[in-house]
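The values are calculated or read from the model by the stated rules, or taken from the named source; none is laboratory data. In this text the structure is predicted, and so the values were computed from the model without any measurement. Positions of Cβ are generated from backbone atoms using ideal geometry, with glycine treated the same way; all protein chains shown enter the neighbour counts.
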Amino acid sequence: MIPRAISILLLVFIAVCPVSAQEAERLVVLTHDSFAMTEEVLAAFEAESGVSVEILRSGDAGQMVNQAILSKNNPLGDLLYGVDNTFLSRALAAEIFAPYESPVLEFVREGFLPDDSFRVTPIDFGDVCLNYDIAYFESNELELPESLSDLTKAEYRGLLVAENPATSSPGLAFLLATIAEFGAEGDYNYLDYWQDLAANDLLVVDGWTDAYYGEFMVTGRESGTRPLVVSYASSPPAEVYYSEDPDAGAITGAIVGDNMCFRQVEYVGILAGATNEAAARLFVDFMLSPAFQEELPLNMFVFPVREDIMLPAVFAEHALIPENPAFVEPADIEANREDWVQAWMEVMLR
Amino acid sequence: MMRRARQLWVIVFFIPLAFLGLFYAYPLLSIFDVSLRPAGILDLSAFVRLLSSDYYIGTLLFTVYQAALSTVVTLVLATPCAFVFARYQFRGKTLLLSLATLPFVLPTVVVALAFATLLGKDGTLNDLLMAFFTLESTPIQLERSLAMIIIAHVFYNFAVALRIMTSYWSSLGFRVEEAARCLGADELALWRDIRLPLIRPAMLSAGVLVFIFSFTSFGVILILGGIRFATLEVQIYYQAVNMFNLPLAAALSLVQILSMLFMMMIYTSTQKRLQLTLASSAAVAKRPRTLLERLCVSLCVALIAVLLFAPLLALVVRSVLVAGQLDLANFASLVEKSRGSLLFIAPIESVFNSLRFALIAMCAALSLGLIASYMIERRGRWSRLLDPLFMLPLATSAVTLGFGFIIALDEPPLNLRASWLIIPISHTLVALPFVIRSVLPSLRAIPASLREAARTLGAKPVDALLTIDLPLLGRGIAVGATFAFTVSMGEFGASLFVAQRESVTIPVVIYRLLGDPGFASYRQSLAMSVLLMLVCASGFVIIERLRIAGVGEF
C-alpha cells in the first residue's frame, strides 16, 4: 500500500514537469465548453501557418471570462474566443485584451463592432427567441404572438416556459429583451411585464436543457407540456438537422418579430501578454475566413458574422434571422446586471 | 534500523497532508487572498453584507434545514435495511448492494429527466394512481418542491448510508445481540439497547457524508427544486460566475466551510464518546427463516427497488423506446464519431477516458485514504483535527476551488492549469473523504489487544497490518473503492476545464449532447447515461470480486 502511494506521487511529479516545457510556435485558444470546429479546417490552418493550436475549454462563458481576468498577469492562453455582449464589458474593463485590427474586418456585417478600439473582433452571433411547437399552434388554430406584450394575453395562458436569468444564459438574454422593450424604469417596466407573465401562468426553470427537453412540448415525441419556450433562432434548423428524417421538415419554429429576440454576439480577443501574438493575429484572421465562418452554423448553431457567407442548406431553408432584435448597451448590462436580476428574483419568487 | 523505519513512517504519514496542502489548501487560500485582499488590504465588507442580509441568512438556514432533513430521512430508511443486509443471507445480496450505488454516478440533469418520467405531472405514478382510483386530477404534485429535493437527495445518498453501515455491521457480527436475545430481550429492546448503540459510529460516519453532500447540493437544487430554492453553493456559483463578485463568493464559501467544520466538531466529539470496541467476529449472515424475517428482507428489497431502481429503469426505458417502439439505433450510433469535429470523439472512446481517470483516482484515494485513516485513528492531540480536515474538499464549492487552481498552480513545476492531471487530482480530493468514512469505523473497532497479541507472538508491524488489519478492513476498503470509482466516473466539473481529447469523459459527452437542440442528440445522451450505468455496474462487480479474492471472508 505504502510504496504504491509514493510511486503515485512520484509519477504525478514526473508527469507534471514536462508540462512546463513550452514550445515557441504553439497557440493556446481559450474558449467555452460549447466550442466546436472541424478537425480538417483547423489542420489546414496549422499546415498553412506552421502554428500548432491547442484549444483550452474553460467552463461556460462566464467562467471563461472570469478565469481570463484572474490569470491576467500570467495568461492561460494567447486568445480568448466566445466572450459575448453580456460579458464583454467585464472583460474590457479588466483590460485583458491587446488591440488588433484585422484586415478581414471589412466583410463583417455593419454594427457588429462594439466600439472603435479593436480590442475584440466579432466572429458570430445567435438570437435568443421564442420557439414554438408548430403542430400545437396549427391544431388549435392559434395565432403566433406578434410582440412580447401578446404573451400576457389569455390565449397564451400556461403555454410559455422560460429560463432563470440568474443561472441561464438564454434566460438572461430574454430578460434583456424585455428590458429593452419595456424599460427598467417607468410606469410599466419589465418587472410589471414579468408579473403579468407570471399571472398568465408562466413557468420558469433554471436551465435551457430542463426547459427545452423537460418542459417544452413537441408534438409526436415524449416531451413536456408547454408549446412555447425561450430558446435560440437556430434551434429549429438544428432540430431538422438532428432529426431521424430530415426531409420531413420542421416541427418547431422560431418567432423573430421586432424587439422579441435578444442578439448574442461572440467575440475573439488577443490576450494582453500573449506569448505568441503574431500567431494569435493569424488565428483571428482565420476565424474571419470563409473556411471557418462557413462551418459555424452546423458546429455551434450560430450565424457567421460575415455577410458574404453561404449558409448550409438546412439553415438557408429553416433558419430565420430577426431583423430588429432588442438591444441593450453592453456597458449597461455589466453595470446593472445584478440589480436587474435581483429585482427580477424578488418579483418572481415572492 | 528502528529509527529509519520510524522516519519512513513519519514521511508516509505526511503524504496525504502534503497532497491536501498542495492541491486544496494552497489554491483555496490563494483565491481567498485575491478575493478578500484585492488591494493588499483585508476587506471584510462582504461579510458585513452577508451577515446583515436576511436573504443570505435565510439561504444559510434553508441550506442547513434541507441537508438535515435529507440526512434524517436517508438514515431512517437506510438503517433497518443495513441491518437486514448484514444479518441475512439471500440470493443476489452482493449484487443488490453494488447496484444500489449506481444513482451516485448519474448527472443531475439525467436524474431529473428520470424523475419527471416517474413522478411528473404526466408521469407513470400519476397515470397509475389516476387509473386505479379513477381520479380527475393528478394526485402527486411534487414538481419543484422541497419534497422533490429531499427525494432526490435520498436517491443519491441512500447507498452511501446503506453500504457504510452494512459493512460495519457485518464486521461487528451479532454475538452481543444473540446473547441479549438469550437473556430475553424483545425486538424493541434489541433495537434500543443493542443495535442502535452498536451501529451509531457507522451511522454518524455516514450521516456526516450525507449531510455534507446535501449541504453543498447544486444541481438537484437548481433543476429539481426550481428557482425558488437556493443553497449556499448555488449562491456561490451565481456570485462567482455570473456577478464576478469574488469577495461575496469568498465570504459565502468561508461560511459554507465553517458551518461544515462546526458540524464535524460536533460529530468528532460525539463519536469519541460513542465508539465501542468490540472483538470483531465473523459476520455470520444467516438465511431468513421465519415469516417475519422473510418479510423484512422482502420489504428492504422492495424499498430499494422503488427508491433506487425505478428511476434508473425509467431512464433505461426512455433510452430504448421511441413512441412505444423498441429502437436501439442511438446505442449503435455511440460507436461512431458523429461529427468530424475537433474535441468530438466517438462517445464510446469516452468510456476508456472515464475508466482511466477512475482507476487512477481510485488507487490514489485508497492509498491516501488508508494512510489518512491510520493517522486519524492514532488519536493523538492532532489527529482529532485531521478528520474534519480531510472532509473539507467535499464542503468546498467547486467553482471557488477551480478559480483557486487557475491562480495558484500556474508556475512550473506545478503548472497544472492545462494538464489532464487536474482531473484525477480533483477526483481524488473528492473521493478521499468517502474512503476515510468507509474505512474508519471498522478501523476503530479493531481492538488494540488483537495487534498486541500478534506482536507478542513475534509478528512484525507490517505482518500485523497484513494479517490482522487488512482482512478486518476488507469490506470497508471495498466500499471506499466503490465510492472512489463512482465519484470519479460521475464527476464532470474538472473534466470541463481541460480540453484534450483524452479528457472527454462520459459525463462530458452527456452534457454536450444535452446542450444541443435535436431529438437525436437528446436520445443519444440517454443512451450514454445507460452506458455509464453499465460501465459502473461492471466496475462494482469487479471490485467486489477482487475483495473476495484478495482479502477473503474472515
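Points worth noting:
- For A:ASP133: the one exception among (1) more than 14 Å from chain B (Cβ to nearest Cβ); (2) charged (D, E, K, R); (3) surrounded by 15 or more Cβ atoms within 10 Å (Cβ to Cβ): (1)
- Taking the criterion of being within 14 Å of chain A (Cβ to nearest Cβ) and either over 17 Å from B:VAL210 (Cβ atoms) or not β-branched (Val, Ile, Thr) (or both), the only residue of the stretch B:149-164 that qualifies is B:ALA152.
- Those residues of the stretch B:117-148 which are assigned to a helix (DSSP H, G or I), free of Cβ contacts under 8 Å to residues at least 40 places away in the same chain, over 17 Å from B:GLY226 (Cβ atoms) and within 14 Å of chain A (Cβ to nearest Cβ), in sequence order: B:ASN126, B:ASP127
- Unmet requirement for A:GLU307, which otherwise passes all of (1) surrounded by fewer than 21 Cβ atoms within 10 Å (Cβ to Cβ); (2) within 28 Å of A:GLY77 (Cα to Cα); (3) not assigned by TED's automatic domain parsing to the domain that holds A:VAL204: (2)
- Taking the criterion of being modelled with pLDDT of 90 or more and either under 25 Å from A:VAL205 (Cα atoms) or part of a helix (DSSP H, G or I) (or both), the residues of the stretch A:240-256 that qualify are A:VAL240, A:ILE251, A:THR252, A:GLY253, A:ALA254, A:ILE255, A:VAL256.
- Count - residues of the stretch A:1-51 that are more than 7 Å from every other protein chain (Cβ to nearest Cβ), part of a helix (DSSP H, G or I) and at pLDDT 90 or above: 8
- Of the residues in the stretch A:229-245, at least one is out of contact with any helix residue (DSSP H, G or I) (no Cβ under 9 Å at 6 or more places or on another chain) and within 27 Å of B:VAL320 (Cβ to Cβ).
- Candidate set: the stretch B:176-200, residues that are of a type in the set (Gly, Ala, Ser) and surrounded by 16 or more Cβ atoms within 10 Å (Cβ to Cβ); chosen: the one farthest from B:PRO441 (Cα to Cα): B:ALA185
- Taking the listed residues B:ILE194, B:ILE236, the one that is free of Cβ contacts under 8 Å to residues at least 40 places away in the same chain and assigned to a helix (DSSP H, G or I) is B:ILE194, with no other qualifying.
- In the condition set (1) touching a Leu at 6+ places or on another chain (Cβ under 6 Å); (2) outside any helix (DSSP H, G or I); (3) modelled with pLDDT of 80 or more, B:TRP420 is compliant with all but (1).
- From B:ARG91, B:ARG87, residue being more than 30 Å from B:ALA361 (Cα to Cα) and either within 12 Å of chain A (Cβ to nearest Cβ) or in contact with a Phe, Trp or Tyr (Cβ under 8 Å, 6 or more places away or on another chain) (or both): B:ARG87
- The single condition from (1) buried (at least 24 other Cβ atoms within 10 Å of the Cβ); (2) under 26 Å from B:ALA112 (Cα atoms) that B:PHE229 fails is (1).
- Of all residues in the stretch A:338-350 being at pLDDT 90 or above and buried (at least 16 other Cβ atoms within 10 Å of the Cβ), the one that is nearest to the other protein chains (Cβ to nearest Cβ): A:VAL341
- From the list B:VAL64, B:VAL48, B:VAL72, B:VAL34, the one residue that fits, being farther than 29 Å from B:SER426 by Cβ and at pLDDT 90 or above, is B:VAL72.
- Matching residues, the stretch B:428-449, being farther than 19 Å from B:MET165 by Cα, modelled with pLDDT of 80 or more and of a type in the set (A, V, I, L, M, F, W, C): B:LEU429, B:VAL430
- Evaluation of A:ASP78 against (1) buried (at least 23 other Cβ atoms within 10 Å of the Cβ); (2) within 19 Å of the chain's Cα centre (by Cα); (3) of a type outside the set (Gly, Ala, Ser) (one fails), failing number: (2)
- Residue ID - surrounded by the fewest Cβ atoms within 10 Å (Cβ to Cβ), chosen from residues in the stretch A:240-265 that are within 11 Å of chain B (Cβ to nearest Cβ) and without any contact (Cβ under 8 Å) to a residue 40 or more places away in the chain: A:ASP245
- Those helices (runs of 4 or more DSSP H) lying entirely in the stretch A:56-172 with at least 1 residues out of contact with any strand residue (DSSP E or B) (no Cβ under 7 Å at 6 or more places or on another chain) and assigned by TED's automatic domain parsing to the domain that holds A:ILE309: A:61-70, A:88-93
- Filter result for B:SER70 (of a type in the set (Ser, Thr, Tyr) and out of contact with any helix residue (DSSP H, G or I) (no Cβ under 7 Å at 6 or more places or on another chain)): no
- Summed over the stretch B:27-84, residues that are within 22 Å of A:GLN67 (Cβ to Cβ) and among the aliphatic types (A, V, I, L, M) total 7.
Per-residue answers, yes or no, for (1) over 22 Å from A:GLU215 (Cβ atoms); (2) under 24 Å from the mean Cα position of the chain (by Cα):
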{"position": "B:THR117", "(1), (2)": "no, no"}
{"position": "B:LEU135", "(1), (2)": "yes, no"}
{"position": "B:LEU142", "(1), (2)": "no, no"}
{"position": "B:ILE149", "(1), (2)": "no, yes"}
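- Candidates are the residues of the stretch A:202-222 that are assigned to a loop (DSSP other than H, G, I, E, B) and more than 9 Å from chain B (Cβ to nearest Cβ); the one that is nearest to B:PHE115 (Cα to Cα) is A:MET217.
- Within the stretch A:319-334, considering residues that are assigned to a helix (DSSP H, G or I) and more than 12 Å from every other protein chain (Cβ to nearest Cβ), the one modelled with the highest pLDDT: A:ASP332
- Residues located in the stretch A:185-220, provided they are modelled with pLDDT of 95 or more and within 23 Å of A:ALA331 (Cβ to Cβ): A:ASN189, A:TYR190, A:LEU191
- Looking across the stretch A:223-233 at every residue that is in a loop (DSSP other than H, G, I, E, B) and more than 8 Å from chain B (Cβ to nearest Cβ), the one that is surrounded by the fewest Cβ atoms within 10 Å (Cβ to Cβ) is identified as A:SER223.
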